[in-house]
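The values are calculated or read from the model by the stated rules, or taken from the named source; none is laboratory data. For clarity, every value in this text was computed on a predicted model and none was experimentally measured. Cβ: placed from backbone, ideal geometry, glycine included. Neighbour counts: every protein chain shown. For the accessible areas, the whole protein counts, side chains as well, though only heavy atoms, and no ligand, DNA or RNA atoms are used. Shrake-Rupley method; radii C 1.70, N 1.55, O 1.52, S 1.80 Å.
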Amino acid sequence: PEVKKFVAWDYVVFAALFLVCASIGVFFAVKERKKKTSKEFLVGGRQMTCGPIAFSLTSSFMSAVTVLGTPSEVYRYGASFVLFFLSYALVITFTAELFLPVFYRSGITSTYEYLELRFNKMVRLAATLIYILQTILYTGIVVYAPSLALNQVTGFDLWGSVVATGIVCTFYCTLGGLKAVVWTDAFQMIVMVVGFVTVLVRGTTLNGGSTKIWEDAYEGSRLNIFDFDVDPLRRHTFWTIVIGGTFTWLGLYGVNQSTIQRCISCKSEKHAKLALYLNLLGLWTVLVCAVFCGLVMYSHYKSCDPWTADFISAPDQLMPYFVMDIFSSMPGVPGLFVACAFSGTLSTVAASINALATVTFEDLVKKGFPNLSEKMSTWISKGLCILYGVLCTSMAAAASLLGGVVQASLSIHGMCGGPMLGLFTLGIVFPCANWKGAIGGLLAGITLAFWAGTGSFIYPAPPIKSIPLQLSTFNCTLANSTEALTTAAPTVAPERPLLADTWYSLSYLYFSAVGCLGCAITGLLISFITGPSKGENIPPVLIKPVCNLFCFWSERLKTSLWCGVRHDSQEVDFEKNLPKVVANKTGTDDTFKNNTNKENKCQFPGYNPEENSYTN
């Protein structure tokens, strides 16, 4: 069971990663020191191309949680995790076609600016505060999880790595802004894939080739992917992953500041959409690598599971343990894998710090101090980066209480991201929703999601709903699994409340769906009770007419479902006209009407501007 610890070459490879990341920050700080406005610092001057943005998006959301957590999920529960490739495809399609066009054309810097344009300042402030809480919590897990796993297996110092992560991310975010974050992410994405491929190649050759690994996985029931059981209490089935996973990741991608900030930094909407679709290929690549790593690991340890045999203390340490085991004779290579895990961490933490600084500056600081000079704005943005760097690093201490990294991180995203997704869906898809419905819906969604999430944390689901697959310690030199079983038995004794085996046992992937649907349904009910919004007062660019897809056969039905929003009068170039709307927030409606009136002198129902005539 004794596995070698880090040697000098491993530290050299690992330190090289941190050095390259820091130097990218210095490069952009020196290169663009003359033209650093707050806009340039926070959204790269809206001049980025699709390539680096696609790499950056993939790298940011494929954190160390994926590098360490996904292979151990596959090792313990089987390869059904690969079904997330369907979730990712649905998520990217919805983001690119539904949410992104509205945000991009609105000319906003923070996604929460949209909520003020569509509803009011109160809704914007509530959403901003929830986002800040969610991101700091999640970033704490992302920093702490790999540090703990690597500390216990490789001997790498725990708080040394936590503090180093925080310092390096804060350093290059503060110096280089969004451009440094994006280009560093692109570099880290390459390191992640190289690390995965190295582990796959070495693991496959040691275990008799890909055919042998496939046979072992089949015999160990690791390839039972398509389980169509509709029971929502089952941890992973086809439906929980495809439906629940789509809601969870849509909260992450569709309306999350980190994603949208990168997309709106692109030079055109076309580049932004292309970046999202290219990023889908990256997500699939990393997912397939992680799933295959889990199968290779199972083949290697099928007759001696190091977790059951107590060689390691948590499932998240399986991957580092495996790497130190197979690369014990190759100094420097374990350092590459650790660099791979930390690439995921650095990119996620950097994205979070940059997004938090943007949201705080745009939604809180600028509201309180609207007349700040450009120089002062840039310095405040940098100060916020430092503040959030310290906060996220400190939050890592609390993350030790949250259990398995994949489930903990997706649960937090589900509980906070689901209601936010519901809120933006209300605004973008339903013109009748008003600000009272938005606030009421958000509160209802948050309450439902946190009720289910907190309940499942206190009363975990019964083993039959989330039981791991069989693991063997038959060939271990030290197998004390029987001892583990006898100590685990008394935990069944305490009484469980009535909801513990139903509502609290809901699959963690459904938390987001509960929050989103709770928010949307409550919001619509409150809007109808208090009097729905008048469509004529809403600028058409803030609404996506989804009904056009389903009602193409009837112009009259289509127009009635617009709820009074004048989509037919929008012959204007949104990208040229809408920044005026955003700039003059006090008179949003008047500015918008002036712009459209110049293009369409008469806007009575039935008027056709192309033919200068009315249709009866």
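Quick notes
- Virtual spin-label span in nm between L469 and W9, 7 Å along Cα→Cβ: 3.4
- Each Cα pair under 8 Å and six or more residues apart adds its sequence gap; the mean of these over the residue count of the range 314-430 is a relative contact order of 25 percent.
- Added length on full extension, which subtracts the Cα-Cα distance from 0.36 nm per residue, L372 to W284: 27.3 nm
- The length gained on full extension between E97 and I167, counted as 0.36 nm times the residue separation minus their Cα-Cα distance, comes to 21.5 nm.
- Environment charge of L148, counting only residues whose C-beta is closer than 14 Å and scoring Lys/Arg +1, Asp/Glu -1: -2
- The range 269-283 and the range 196-262: distance between their alpha carbon centers, rounded to Å: 21
- Neighbours of S80, meaning other residues whose beta-carbon lies under 10 angstrom from its beta-carbon, give a summed charge of 0 when Lys and Arg score +1 and Asp and Glu score -1.
- Net lengthening on full extension, V230/S268 (0.36 nm per residue, minus Cα-Cα): 9.5 nm
- Sorting Y104, Y114 on solvent-accessible area from highest to lowest, probe radius 1.4 Å, gives Y104, Y114.
- Relative contact order %, the range 97-237, counting alpha carbon pairs below 8 Å whose residues are six or more apart: 7
- Over 28 Å (Cα to Cα) - which of K31/K375; K267/K375; K382/K544; K179/K270 fall in this group: K382/K544
- As a calculated quantity, the FRET efficiency between M122 and W553 at R0 = 41 Å, using C-beta atoms, amounts to about 0.55.
- In the range 301-414, the inverse of the mean reciprocal separation of distinct Cα atoms equals 17.6 Å; this is its Kirkwood hydrodynamic radius.
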